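Heads up: the structure comes next, in structure tokens.
Values quoted throughout were computed directly from the atomic coordinates according to the rules given, and no laboratory measurement underlies them. Bear in mind the structure is a predicted one, so any value in this text is a computation, not a measurement. Cβ placement follows ideal geometry from the backbone for every residue including glycine, while neighbour counts extend to all protein chains displayed.
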Amino acid sequence: MDGVDQLIPVPDTDTQTYWEGCKRSELLIQRCLSCEKLYFYPRMLCPHCMGRKYEWVKVSGRGVVYSYTLIRRPPVSGLEVPYILAIVELEEGVRMMSNIIDCKEDEIDIGMKVEVIFQPVSDEIYLPKFRPVKG
Amino acid sequence: MKEQSIRAKTAIVGIGETAVGKLPGKTSMQLMAEASAQAIEDAGLKKDDVDGVLVSYSLAEPSFMYCSFFSEYMGIKPHFSAAVHLGGASMCSLVGHAAAAINAGICSTVLIARGDPQRTGFSRQGVVAMSTEVGHRQFEAPYAPLTAGIYAMVARRHMHEFGTTSEQLAEIAVTMRYHASMNDNAQMRDPITIDDVLNSKLVADPLHVLDCCLVSDGGGAIVVTSAERANDLRKPPVYILGFGEGHSHYHIIQAESLVTSGCKDAARRAFAMSGLTPADIDVAEIYDCFTTTVLVDLEDLGFCEKGEGGRFVQGGRITFGGELPVNTHGGLLSQAHIAGMLHIVEAARQLRGEAGRRQVHGAQTAVVTGNGGSLSAHAVLVLGTEGVL
């Protein structure tokens, strides 16, 4: 494995459901059945209350850019630069890291409304990325 | 909580620092041993006086039971031994561990060392492995974040919330370089201007190459012992007055805030223990992996209000003759990146009055910070001379 292939996620028993959702174009986030808070990334207990029962919630996939940068020196070969790295805050409140695609360098800004799009990087893995909401 | 418990019960009594920069062929063990031998001799001690050994880890030469290996290499048989993995917070954290262990009677004299050939000692495979290890393996790394990218997002958010500018960040880099120009053991000694920083290549907007720390081979070490014993040794004791840690998250997506860090909690604890306030501090050695980090730490330490960091670093306030000289040795940005070990060494030097051309006149108190990961792990030290006890 070289270049970007090294970055392809390998699901584990905490995250299998999440990645299966991505493959169906569904963004699934865990909700604690004890305190009812959402939490991300997926894990076997709630980081708010240590509750161990949860459900998977299909979220809207919409959010805003919380912060961003344009990476010009990528960590691996095979990436076109610059690319936009961002922390996206979902409407439901949790934050994710992602890349913003279909977005010009001078358009990206904090607070920009974005929506999820799933990009296949292997047969099994569809990586959630975000693009600006049009209009 | 007994926050006063270890105040001034221990002191830094020996310091050591190797050459820095490109040192091809030097191993992690050699670098740590060279700095450690200097520190033990500086204290006027013998290696067999050391009964505690604390280290961080080597990235270039990872090794199982690294601390045991190092003690063995030195010919020391301690009864207190540990390695911590707190990134850039490791070294300040270990000073706290040493002070606590000595105060608890577990050991009497602790050697703390750091040395790694990070500039020339990595295999190509190692470099690739390191760069893909940035961020959560499934939820961050796939987006190719880069460490600089994470700190760039911190900078961007700070700019968004408070109007901080690239010029203000650049002033931090310019000041560190000016300080390094007075340090014969610094990697980068040629003065730079704000324009030089702004015209240097962008790594991850808004951070330029000159906003980012160096990569270095080198080592540093200190010896910590009880205040009682410190009085009988060669050099003036540098007392550990306050210590605090704050660990808010590991992955940046889990950080509650990008502009306030665990440094705030660490600083609150360290200052409370010391009985001092930021206004009492003569010199600050602030972890500067990126210019951004200095800005956030200065605010979180309480030297200025949150959001005022950009204005605080302007106008010569953080250099000699200013309100708070910061990173008098040149820091990670211009002296060398030895994971913050040399920030502690420099603080001790300043408080002993041994900093030569870059001596802050009459320095009696110092604060040192360490920051590891993605603004994740924080440790803060407040140090002082006998004059402030």
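So here's what we get for this one:
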| quantity | calculated |
| --- | --- |
| Sorted by Cβ density within 10 Å, fewest first, the residues B:Ile106, B:Ile286, A:Ile100 | B:Ile106, A:Ile100, B:Ile286 |
| Positive minus negative residues near B:Val209 (Lys, Arg vs Asp, Glu; Cβ under 15 Å) | -2 |
| Only Lys, Arg (+1) and Asp, Glu (-1) charged, at Cβ; chain A dipole about Cα centre in debye | 400 debye |
| Neighbourhood charge, 15 Å Cβ-Cβ cut-off, centred on B:Ser36 and excluding it, Lys, Arg +1 and Asp, Glu -1 | -4 |
| Separation of alpha-carbon centers, segment A:73-135 and segment B:118-186, rounded to whole Å | 21 Å |
| Residues B:His179, B:His136, B:His378 arranged by fewest to most Cβ contacts within 10 Å | B:His136, B:His179, B:His378 |
| All-pairs alpha carbon distance profile, the protein assembly as shown, 10 Å steps from 0, percent | 4, 19, 28, 25, 16, 7, 1, 0 |
| Percentage relative contact order, chain B, counting C-alpha pairs under 8 Å, at least six apart | 26 percent |
| Between segment B:43-66 and segment A:3-35, the Cα center-to-center distance that results, in Å | 41 Å |
| Estimated inter-spin distance, B:Glu386 and A:Glu105, nm [label 7 Å along Cα→Cβ] | 6.0 nm |
| Debye equation applied to the C-alpha atoms of segment A:11-58, log10 I(q)/I(0) at 0.16, 0.17, 0.30 Å⁻¹ | -0.38, -0.43, -1.10 |
| Cysteines not pairable in chain A (beta carbon separation under 4.7 Å absent) | A:Cys22, A:Cys103 |
| GluC sites (Glu not before Pro) within segment A:50-133: DSSP coil, no more than 13 neighbouring Cβ in 10 Å | A:Glu80, A:Glu91, A:Glu105, A:Glu107 |
| Whole-Å distance, taken between Cα centres, linking segment B:284-322 and segment B:338-389 | 15 Å |
| In segment B:191-238, the trypsin sites (Lys or Arg not before Pro) that fall in loop regions by DSSP, at most 16 other Cβ within 10 Å | B:Lys201, B:Arg234 |
| Qualifying lysines (Cα of each under 25 Å from Cα of A:Lys134; at least 8 residues distant if same chain) | A:Lys23, A:Lys58, A:Lys104, A:Lys113 |
| Radius 13 Å from Cβ of B:Ser376, net charge of other residues (Lys, Arg +1; Asp, Glu -1) | -4 |
| Near-label residues of segment B:38-73 by backbone N, under 17 Å of a point 7 Å along Cα→Cβ of B:Met130 | B:56-63 |
| Convex hull volume per residue for segment A:61-135, taking Cα atoms only, in Å³ | 101 Å³ |
| Sequence-distant aspartates and glutamates (8 or more away, or on other chains) whose Cα lies within less than 20 Å of B:Lys46 | B:Glu17, B:Glu34, B:Glu72, B:Glu228, B:Asp232 |
| Share, in percent, of DSSP beta bridges within the protein assembly as shown that are antiparallel, nearest 5 | 85 percent |
| Isotropically averaged projected area of segment B:92-135, using the convex hull of Cα atoms (one quarter of hull area), nm² | 4.8 nm² |
| Residue order, fewest to most beta carbons within 10 Å, for B:Glu133, B:Glu346 | B:Glu133, B:Glu346 |
| Computed E for B:Glu167/A:Lys134 - FRET, C-beta separation, R0 51 angstrom, nearest 0.05 | 0.90 |
| Rg(Cα) / (2.2 N^0.38 Å) computed for chain A, rounded to two decimals | 1.10 |
| Two-decimal log10 I(q)/I(0) for chain B, as the Debye equation yields it once each C-alpha is a single scatterer, q = 0.07, 0.09, 0.10, 0.11 Å⁻¹ | -0.27, -0.46, -0.57, -0.70 |
| Isotropically averaged projected area of segment B:220-334, using the convex hull of Cα atoms (one quarter of hull area), nm² | 8.8 nm² |
